[in-house]
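The values are calculated or read from the model by the stated rules, or taken from the named source; none is laboratory data. These numbers come from a predicted model, not from an experiment. In this analysis, Cβ positions are derived from the backbone assuming ideal geometry, glycine residues included, and neighbour counts consider all displayed protein chains. In case anyone asks, the SASA skips ligands and DNA or RNA and just uses the protein heavy atoms, side chains included. Shrake-Rupley method; radii C 1.70, N 1.55, O 1.52, S 1.80 Å.
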Amino acid sequence: MSDRRYEFEVAVIGAGPAGLAAASTAAEGGKRVVLVDDTPWLGGQIWRGERGRRGSRPYRHWVERLRRSGATLLDRTSVIASPEHHVLLAEHTGGPREIRWKKLIVATGARELFLPFPGWTLPGVFGPGGLQALVKNGWPASGLRVVIAGTGPLLLAVADGLRKHFATVISVNEQAPWSKVAGFGLSLLAHPGKLVQGAGIRMRLGTVPYRFGTWPVRVEGAGHVQRVTLTNGSRTWMEDCDVVACGFGLVPNLELPLALGCSLKDGFVQVDERQATGIPDVLCVGEITGIGGADCAIVEGQIAGHAAAGQFARAEALFADRASWHEFRQAMAKAFALRGELKTLATEDTLLCRCEDVTLGRVRKSQGWRDAKLQTRCGMGACQGRICGAASQVLLGWGMESVRPPVLPARVAALISKDAAPASDRQSNQRTTTT
């Protein structure tokens, strides 16, 4: 068991842009750092598929900095619990891991928000990000007719990526009204790189319809998607397609921060100017503190990395840059706020919990999220409420009341391994990559 016990000065959970920046910066500051992630690649979901290709410039920059920094990487390793302060319990295919830390930086990112509507569980309905990830990893998209719907800048990026893989994008449908999206576009003057990027994508899409104030009503098909019904509030029409990519933005992965005892504000982890939470020695960065994109996450990761290394002057030098990206984050949240009509798309017979086949009508009879879990098993399936829990928060106003370990599915052996070896039998400062 000695090769499964580790001690580090700084532990970073999550190898997306924020985690890469935090781990690299802290290690460059002279600290013994471990970066833990449950995937076999670096870059999180946003840079998924970059490995093995030339990759984007930011991806190459941060991966190279991490490699030069001397930080330890524990990949394919899922953090499942924090049995005591300064201790994490993790699971790897090779067995359980125990990680002791002095400073902890949590960068667990975000996931797509799905809202139920009739037909949303048909094969062929994907989240935009999920579909993008599948295609990047070789799923054949050539010739598929795709309708994209939901909200956020990701919709256009997914459409652009699908066209590069020879899919036929029928339309892109943004639920936010034109006036709000146009206002967001004007705010990008403070970030010209983003403005140029967005304009380039729109030009490449050419004549593909990009509609505002439009959202899906239902998806139909005989065992698979064949058509989707869309509306702009005054007119309703159908479009034939093979695939519907629909997602209503992102929600933060808060399970680990909540298990650690972190406080929330407006649905995100509350942090101070150094990205520190109210829990001693725990910092949070990236999408769990606010949905702001990779550039914002990278700056926050650097600030936390400097702070964890005790380099407070260097952290403060980045405050102005972070403030600019926080303005971008606020503008994006305002522009793509969900419209009220989305709360009424699902009927009483529409499934809310796909894992346990629980309808919205059954859940609506409950007094709250805890009661719904007790009475209907909603949220008790494989995703542990990550999909239906977020949807119920939008539709019913129910929040996550508590998080109990494990925060991810885990083997019993991992849960009982905490005291399997003496505290003195721990491996520290070892450069390791699990495979």
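Expressed as a whole percent, the accessible area of segment 200-256 that falls on carbon and sulfur atoms is 51 (1.4 Å probe).
Each residue of segment 88-95 is assigned a 3J(HN,Hα), and the resulting list reads 10, 10, 10, 10, 9, 4, x, x Hz, derived from the Karplus form 6.51 cos²θ - 1.76 cosθ + 1.60 (θ = phi - 60°), x at Gly and Pro.
Full extension of the chain between Glu341 and Ala190 yields a length gain of 51.2 nm, computed as 0.36 nm times the residue separation minus the alpha carbon distance. Using θ = phi - 60° in the Karplus curve 6.51 cos²θ - 1.76 cosθ + 1.60, the 3J(HN,Hα) couplings for segment 73-80 round to 10, 10, 8, 6, 10, 9, 6, 10 Hz; x is entered for Gly and Pro.
Rounded to the nearest 20, the Cβ-based charge dipole of segment 176-244 about its Cα centre (Lys and Arg +1, Asp and Glu -1) stands at 300 debye. Taking every C-alpha pair closer than 8 Å and separated by at least 6 residues, the mean separation divided by the residue count of segment 5-52 gives a relative contact order of 41 percent. The amide H of Ala149, built 1.01 Å from its N in the peptide plane, has Asn173, Ala245, Cys246, Gly247 as neighbours under 5 Å, considering only residues 5 or more places off or on other chains. Going by alpha carbons, how many degrees (0 to 90, nearest 10) lie between the helix axis of 57-69 and the longest principal axis of the chain? It works out to around 10 degrees. Per the Debye formula on identical point scatterers at the alpha carbon atoms of segment 153-286, with no solvent, log10 I(q)/I(0) at q = 0.15 Å⁻¹ is -0.92.
Note on the chain: with charges restricted to the Cβ of Lys and Arg (+1) and Asp and Glu (-1), its dipole about the Cα centre is near 680 debye.
Pull out a ≥ b ≥ c, the square roots of the eigenvalues of the alpha-carbon gyration tensor of segment 218-280, then state rounded if a/c is under 1.5, prolate if not and a/b is larger than b/c, and oblate in the remaining case. Note, shape of segment 218-280 comes out prolate. As I understand it, the value is the acute angle between the Cα axis of helix 178-187 and the longest principal axis of the Cα atoms of the chain; what does it come to in degrees, rounded to 10? Helix 178-187 and the main axis of the chain meet at about 40 degrees. Taken over segment 83-231, the convex hull of the Cα atoms encloses 192 Å³ per residue.
Projection of the Cα convex hull of segment 346-412, averaged over all directions and equal to a quarter of that hull's surface, yields 4.3 nm². Principal-axis analysis of the Cα atoms of the chain puts helix 192-205 at an angle of about 40° to the longest axis.
Summed over all non-identical Cα pairs, the Kirkwood treatment of segment 1-134 gives a radius of 16.1 Å. Computed over the chain with a Gaussian network model linking Cα atoms closer than 10 Å, the most mobile of Arg65, Arg57, Arg411 is Arg57. Surface listing: Met238, Met380, Met203 arranged by accessible area from highest to lowest gives Met203, Met238, Met380, probe 1.4 Å.
For segment 1-157, the relative contact order works out to 26 percent when only alpha carbon pairs closer than 8 Å and six or more residues apart are counted. Here segment 96-200 is treated with +1 on each Lys and Arg Cβ and -1 on each Asp and Glu Cβ, and its dipole about the Cα centre works out to around 440 debye.
The candidates Glu239, Glu220, arranged from most to least accessible area with a 1.4 Å probe in the full protein assembly, appear as Glu220, Glu239.
Note on the chain: Lys pairs 8 or more places apart or on different chains, Cα atoms under 19 Å apart, count 11. Counting only protein heavy atoms and using a 1.4 Å probe, the accessible area of His85 comes to about 90 Å². The radius of gyration of the Cα set in segment 79-134, together with its Dmax, comes out at 17.7, 49 angstrom.
Computed with a 1.4 Å probe over protein heavy atoms only, the accessible area of Leu195 comes to about 60 Å².
By the beta carbon rule, with partners counted only under 4.7 Å, the chain holds these lone Cys residues: Cys241, Cys246, Cys262, Cys284, Cys296, Cys355, Cys383. For the chain, the alpha carbon positions stretch 68, 52, 38 Å along the principal axes, listed from largest to smallest. Normalising the average separation of contacting C-alpha pairs (under 8 angstrom, six or more residues apart) by the number of residues puts the relative contact order of the chain at 22 percent.
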